[in-house]
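Visitor: I have a structure I would like to understand better, so I am pasting it below and will then ask my questions one at a time.
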Amino acid sequence: MDKMSDRRKAFENKFAHDSEMIFKAEARRNRMLATWLGPKFGMTDEEAKTYGGTLIAADLKEAGDDDVVQKVLADASERGVTVDEAELRAKSDALLNEAKAELMKDVEE
């Protein structure tokens, strides 16, 4: 019975670790996305940094990336800036891959 308890505990720990890493990667991606959007939105570096925090908060509203995409598109519209949704999603995916790679590198060091 101890082996089953140990296995269950190991699985729970792995799930918690994986969930934390996903959260960190998505948060890093959102900060990177804000940095990419900053010049398009006419933001200073500091404003873009702050905007990254709002994207992280927006990402917590629902599962998936649609909440972030919709926020960016709404913010772009408010600013009179055109952002192509397909380009935004592609950039978001690329930045998520980059963020994951950075996190893996950080873990290895």
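The values are calculated or read from the model by the stated rules, or taken from the named source; none is laboratory data. What you are looking at is a predicted structure, and each value in this text was computed from that prediction instead of being measured. Note: ideal-geometry Cβ built from the backbone for every residue, glycine included; neighbour counts use all protein chains shown.
Visitor: Do you know which residues across region 82-109 are free of Cβ contacts under 8 Å to residues at least 24 places away in the same chain, acidic (D, E) and either surrounded by 11 or more Cβ atoms within 10 Å (Cβ to Cβ) or closer than 14 Å to W36 by Cα (or both)?
Guide: Once the filter is applied, which keeps residues that are free of Cβ contacts under 8 Å to residues at least 24 places away in the same chain, acidic (D, E) and either surrounded by 11 or more Cβ atoms within 10 Å (Cβ to Cβ) or closer than 14 Å to W36 by Cα (or both), region 82-109 yields D84, E85, E87, D93.
Visitor: Could you please let me know if R79 is over 28 Å from S19 (Cβ atoms) and either surrounded by 12 or more Cβ atoms within 10 Å (Cβ to Cβ) or among the basic types (K, R) (or both)?
Guide: yes
Visitor: Can you tell which of K14, K24 is of a type in the set (K, R) and loosely packed, with under 14 Cβ neighbours inside 10 Å?
Guide: Answer to the check: K14.
Visitor: If E46 satisfies all but one of (1) at pLDDT below 95; (2) loosely packed, with under 11 Cβ neighbours inside 10 Å; (3) at negative phi, what's the number of the condition it fails?
Guide: Among (1) at pLDDT below 95; (2) loosely packed, with under 11 Cβ neighbours inside 10 Å; (3) at negative phi, E46 violates only (1).
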